[in-house]
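K.L.:
So that we are looking at the same thing, I have put the structure below in structure tokens.
Taken together, the values in this text are just the output of simple stated rules run on the coordinates, not laboratory data. Please read these numbers as outputs of a predicted model, since none were measured by experiment. Heads up, the Cβs are rebuilt from the backbone with ideal geometry, glycines too, and the neighbour counts pull from every protein chain shown.
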Number of protein chains: 2
Amino acid sequence: MSRTSRRREGPAYPDVAEIDLLDVLHALSDPTRMTIVDTLDGTPERACGTFPVDVAPSTLSHHFKVLRESGLIRQREDGNRRLTTLRAADLEERFPGLLATVLAAYRATA
Amino acid sequence: MSRTSRRREGPAYPDVAEIDLLDVLHALSDPTRMTIVDTLDGTPERACGTFPVDVAPSTLSHHFKVLRESGLIRQREDGNRRLTTLRAADLEERFPGLLATVLAAYRATA
């Protein structure tokens, strides 16, 4: 494996097997975080300023931290942008059908 | 309709159409509340002292309140007992597949 293909991750990202259901449900129980996850679903990655949420930057940072620590998203720096990805495959592996069911419920009733 | 068949409910019980997804996810994000829901699933109704949780009565009362207000459970008095029911059919009508998917994830990884 080449050096550049290594993933560099801090402890803020749980491995798939460590993703905790209650942490995921808690992360999804907030309207701003649910909007972020809903917006990320089906897209490859997205810059932080482009989410349709109306909160202060410090509040948004907090929400991203909760989402990272729950295992729902990854983030990487790209120049002066921070790009966010939904860990959809990891979630599907850990909790089959969960994210799709929650997002369907959200879209049907939001 | 006879008088005795009327349902007597306070405002703490949301109607099916008013059950909020984020409230449900929040209610399920706590280990004591998830244990209560998991224990209720598939049983008709259950007395309050019989749940396999180890918390103070006042804490348990708080958790039941959160569960009632989210729409996940109903409770009724029966003599000196309080009986709790999971609103499984109401949840299934409001958010198809959600409760089953969450409980399957919980049982697979708890």
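K.L.:
Working only within segment A:33-79, note down all residues that are within 25 Å of A:Asp20 (Cα to Cα) and among the charged types (D, E, K, R).
P.N.:
If the condition is that a residue be within 25 Å of A:Asp20 (Cα to Cα) and among the charged types (D, E, K, R), then A:Arg33, A:Asp38, A:Asp41, A:Glu45, A:Arg46, A:Lys65, A:Arg68, A:Glu69, A:Arg74, A:Arg76 are the ones that fit.
K.L.:
Another question, then. Is there a residue in segment B:72-82 that is more than 14 Å from the chain's Cα centre (by Cα), touching a residue at least 40 places away in the same chain (Cβ under 8 Å) and surrounded by 14 or more Cβ atoms within 10 Å (Cβ to Cβ)?
P.N.:
Looking through segment B:72-82, none of the residues is more than 14 Å from the chain's Cα centre (by Cα), touching a residue at least 40 places away in the same chain (Cβ under 8 Å) and surrounded by 14 or more Cβ atoms within 10 Å (Cβ to Cβ).
K.L.:
Can you tell me which residues in segment B:73-97 are aliphatic (A, V, I, L, M) and touching a strand residue (DSSP E or B) at 6+ places or on another chain (Cβ under 7 Å)?
P.N.:
We begin by selecting, within segment B:73-97, every residue aliphatic (A, V, I, L, M); these are B:73, B:83, B:86, B:88-89, B:91.
Answer for segment B:73-97, where residues must be aliphatic (A, V, I, L, M) and touching a strand residue (DSSP E or B) at 6+ places or on another chain (Cβ under 7 Å): B:Ile73, B:Leu83, B:Leu86.
K.L.:
State yes or no: is A:Arg46 touching a residue at least 24 places away in the same chain (Cβ under 8 Å), in contact with a Phe, Trp or Tyr (Cβ under 9 Å, 6 or more places away or on another chain), among the basic types (Lys, Arg) and farther than 24 Å from B:Val66 by Cβ?
P.N.:
no
K.L.:
So which pairs qualify, if the first residue must be in segment B:85-110 and within 12 Å of A:Pro96 (Cβ to Cβ), the second must be assigned to a loop (DSSP other than H, G, I, E, B), the Cβ gap must be under 7 Å, and the two must be at least 6 apart or on different chains?
P.N.:
The qualifying pairs are B:Thr101/A:Gly97; B:Ala105/A:Phe95.
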